[in-house]
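One structure below.
Computed from the coordinates by the stated procedures, all read-outs in this text should not be read as laboratory data. Remember, predicted model here, so these are calculated numbers, not experimental data. Cβ: placed from backbone, ideal geometry, glycine included. Neighbour counts: every protein chain shown.
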Amino acid sequence: MKADKRRQEILSLLGNTDNPIPANVLKERFAVSRQVIVQDIAVLRAGGYDITSTNRGYVLNVKAQAARVFKCRHGFEELLEEGALVIDAGGRIEDIYVNHRIYGKISARLGLYSRMHVEELYRSLVSGASKPLMSVTDGYHYHTVSADSESVLDEIEQKLRDRGFLIEI
């Protein structure tokens, strides 16, 4: 298969799923080396496609119609509930960040688009491999949430407020 055709198929695969696709899956599908896939992704990025590498694989970022930052506070045990609340209302949790008094803004891209993504994050944190970012600020944290419309974001904001997670800025 020619490189241009393979790259178009990679774009198609990434564009037709909300789940990250690991480089190993792409390498096996196209019967090429992992390095070829990495180069393909670099060429696609240079061509203007917003592709992010996550620990779960590659994600094609499609701009949502609307985005908003929410300041929240809750304990670790409510992490799943917060994620489900946003996802079920039609939102996508793009990132998390905290404002540390010494280090300033510390952020991480999350790309949580389904309950499965939220559960994977939770399981990895429960395993003890790492602590949640919000633990350094006593549960206070910010999320950039994207959605198809401002009205969806309004609904998410109200649900976060009703549950007591939202901190008014």
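Taking only the Cα atoms of the chain, the radius of gyration and Dmax are 17.7, 54 Å. Put +1 on the Cβ of each Lys and Arg and -1 on the Cβ of each Asp and Glu in the chain; which of Val38, Met116, Leu13 then has its Cα farthest toward the positive end of the dipole? My answer, from the dipole projection, is Val38.
FRET efficiency for the pair Ala84 and Ala46, taken as 1/(1 + (r/R0)^6) with r the Cβ-Cβ distance and R0 = 25 Å, rounds to 0.10.
Give, as a single signed number, the net charge of other residues whose beta carbon lies under 11 Å from the beta carbon of His74, with Lys and Arg counted +1 and Asp and Glu -1.
-3
Farthest toward the positive end of the dipole of segment 56-169, out of Ile106, Gly83, His141, is the Cα of Ile106, where the dipole comes from beta carbon charges about the Cα centre. Screening the chain for whole DSSP H helices of 15 Å or more along their axis (Cα) with average Kyte-Doolittle hydropathy at least -1.0 returns 3-15, 34-46, 115-126. R0 = 41 Å: FRET efficiency of Val38 with Ile102, Cβ-based, nearest 0.05? Rounded to the nearest 0.05, the efficiency is 0.70.
Sparse packing (at most 13 other Cβ atoms within 10 Å of the Cβ) combined with a DSSP loop state is found for the following trypsin sites (Lys or Arg not before Pro) in segment 61-110: Lys63, Arg101.
Listed by chain and number, the lysines whose C-alpha is less than 17 Å from the C-alpha of Lys27, apart from same-chain residues fewer than 8 away, are Lys2, Lys5.
Remark: spin-label model distance Met116-Arg68 equals 2.8 nm, labels positioned 7 Å along the Cα→Cβ axis. Which shape class applies to segment 3-60: rounded if a/c is under 1.5, otherwise prolate when a/b exceeds b/c and oblate if not, where a ≥ b ≥ c are the square roots of the Cα gyration tensor eigenvalues? Since a/c stays below 1.5, the shape of segment 3-60 is classed as rounded. Within segment 101-138, which residues have the backbone N less than 18 Å from the label spot 7 Å out from Asp18 along Cα→beta-carbon, could you tell me? Residues passing the 18 Å test: 110-123. Result for the chain in a Gaussian network model with C-alpha springs under 10 Å: among Val36, Val118, Val145, the largest mean-square fluctuation is at Val36. Only the Cβ atoms of Lys and Arg (+1) and of Asp and Glu (-1) were treated as charged; on that basis the dipole of segment 3-60 about its Cα centre amounts to roughly 160 debye.
Here the chain is assigned +1 on the Cβ of each Lys and Arg and -1 on the Cβ of each Asp and Glu. Its dipole about the Cα centre then comes out at about 840 debye. Measuring between their Cα centroids, segment 20-60 and segment 125-154 lie 26 Å from each other. Among the listed pairs Lys71/Lys159; Lys105/Lys159; Lys131/Lys159, those with a Cα-Cα distance over 22 Å are Lys105/Lys159; Lys131/Lys159.
What residues from segment 24-41 fall in the zone where the backbone N is under 14 Å from a label point 7 Å along the Cα-to-C-beta line of Lys5? From segment 24-41, the list is 30-31.
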